[in-house]
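Take a look at the structure below.
The values are calculated or read from the model by the stated rules, or taken from the named source; none is laboratory data. Remember, it's a predicted structure, so these values are computed and weren't measured experimentally. Backbone-built Cβ (ideal geometry, glycine too); neighbour counts: all protein chains shown. When the accessible area is computed, the model is the full protein with side chains, heavy atoms only, and any ligands, DNA or RNA have been set aside. Shrake-Rupley method; radii C 1.70, N 1.55, O 1.52, S 1.80 Å.
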Amino acid sequence: MENKILIELIVPELEEKFDVFIPITKRVGNVIALLSKAITDLGIAYDLTPSMGLYNRFTYQKYDPNDLIYNTDIMNGTILVLVS
């Protein structure tokens with residue numbers, strides 16, 4: 001899995017944590033949509049909103065939706081927070 005990294009995703013609205021592989025060649029905005037769909041596919045009601053953001057848990061950095069994952073500091077083991 002050279003083109004994917006394992007991250008921990010925290011969704012405060014759901015009070016849930018997920019371990020997820022995300023593709024490094026996708027834009028952050030696309031990854032947010034993929035994560036939202038994956039959560040919905042698990043049978044959890046969760047709606048994607050335009051204001052949804054992906055943040056680093058420790059640095060509080062909000063990732064620009066147009067940045068490619070491999071151009072960010074996101075790597076294996078990074079803990080990200082998905083909020084709307």
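Annotations for the structure displayed:
- Tally of residues being part of a loop (DSSP other than H, G, I, E, B), open to solvent by 30 Å² or more (accessible area, probe 1.4 Å) and within 17 Å of PRO12 (Cα to Cα) across the stretch 75-84: 1
- The single residue among LYS26, LYS37 that is surrounded by 11 or more Cβ atoms within 10 Å (Cβ to Cβ) and in contact with a strand residue (DSSP E or B) (Cβ under 9 Å, 6 or more places away or on another chain) turns out to be LYS26.
- Members of the stretch 65-74 that are assigned to a loop (DSSP other than H, G, I, E, B), exposed (fewer than 14 other Cβ atoms within 10 Å of the Cβ) and either within 12 Å of the chain's Cα centre (by Cα) or polar (S, T, N, Q) (or both): ASN66
- Options TYR46, TYR63, TYR70: the member that is touching a Leu at 6+ places or on another chain (Cβ under 8 Å) and at pLDDT 90 or above: TYR63
- Residue in the stretch 8-18 that is farther than 12 Å from VAL81 by Cβ and either assigned to a helix (DSSP H, G or I) or open to solvent by less than 60 Å² (accessible area, probe 1.4 Å) (or both) present: no
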